[in-house]
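The values are calculated or read from the model by the stated rules, or taken from the named source; none is laboratory data. The shown structure was predicted, so the numbers you read here are calculated from the model rather than taken from an experiment. As a convention, Cβ positions derive from the backbone with ideal geometry for all residues, glycine included, and neighbour counts pool all protein chains shown. For the accessible areas, the whole protein counts, side chains as well, though only heavy atoms, and no ligand, DNA or RNA atoms are used. Shrake-Rupley method; radii C 1.70, N 1.55, O 1.52, S 1.80 Å.
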Amino acid sequence: MNAELRPRVISPPIADPPPAEAACQDVVRSVYEAIDSGRASDAVARYTEDAVFETARGRKLVGTAAIAAAMAAREADTGRVTRHVLTGLRVTATGGAEARLVGTLSVFLLSGPSPDDPELTSALDIGLSLRDGAWRIHRHASTPLADGDAR
């Protein structure tokens, strides 16, 4: 058979995400990785000084001092073992040095009675700003996707 006529699979090129998109995703992932690894306080460095963090449980934290206090309390709760799973992350530029990340967050309570079932599933809507050469979160909102999720 002629080599030109043989069927072949041509894989589409896999494009790396643009640097801003990848960097924004990395910032958000690092927040949840810090929480899951018992280093929640490390996540505070990923927020701007004037950041607003609205949790799926209805708390609104304003500024890094409030976020730091919440993260320190989470870090101190060593009996709570979680795994945060991010899916469907999409980043869009909203201005020269601004971006918006949306996606879904599922939180699994590994130390709870049903570690295979998400304790919470929520929609993320996160605003990021490029400040001093690094992407930082300036608005972090999480909205439960089901009524029973915000336990």
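Of note:
- Some residue of segment 21-28 being under 25 Å from residue 146 (Cβ atoms), open to solvent by 80 Å² or more (accessible area, probe 1.4 Å) and touching a helix residue (DSSP H, G or I) at 6+ places or on another chain (Cβ under 9 Å): no
- Scanning segment 97-126 for residues being in a strand (DSSP E or B), more than 18 Å from residue 33 (Cβ to Cβ) and polar (S, T, N, Q) gives a total of 1.
- Among the conditions (1) touching a Gly at 6+ places or on another chain (Cβ under 8 Å); (2) open to solvent by less than 30 Å² (accessible area, probe 1.4 Å), residue 127 misses just one, which is (1).
- Screening residue 50 with (1) under 15 Å from residue 138 (Cβ atoms); (2) free of Cβ contacts under 8 Å to residues at least 40 places away in the same chain gives one miss only, at (2).
- Residue match in segment 42-58 (condition: in a loop (DSSP other than H, G, I, E, B), open to solvent by 50 Å² or more (accessible area, probe 1.4 Å) and at pLDDT below 95): yes
- Some residue of segment 114-121 being under 18 Å from the mean Cα position of the chain (by Cα), modelled with pLDDT of 95 or more, within 17 Å of residue 22 (Cα to Cα) and crowded, with 16+ Cβ neighbours inside 10 Å: no
- Checking 63, 38 one by one, the residue that is open to solvent by 30 Å² or more (accessible area, probe 1.4 Å), on the phi > 0 side of the Ramachandran plot and at pLDDT 95 or above is 38 and no other.
- Any hit, segment 71-93, residues being outside any strand (DSSP E or B), among the small types (Gly, Ala, Ser), at pLDDT 95 or above and surrounded by 16 or more Cβ atoms within 10 Å (Cβ to Cβ): no
- The condition of being in contact with a Phe, Trp or Tyr (Cβ under 8 Å, 6 or more places away or on another chain), small (Gly, Ala, Ser) and in contact (Cβ under 8 Å) with a residue 12 or more places away in the chain holds for only one of 123, 99, 146, that being 99.
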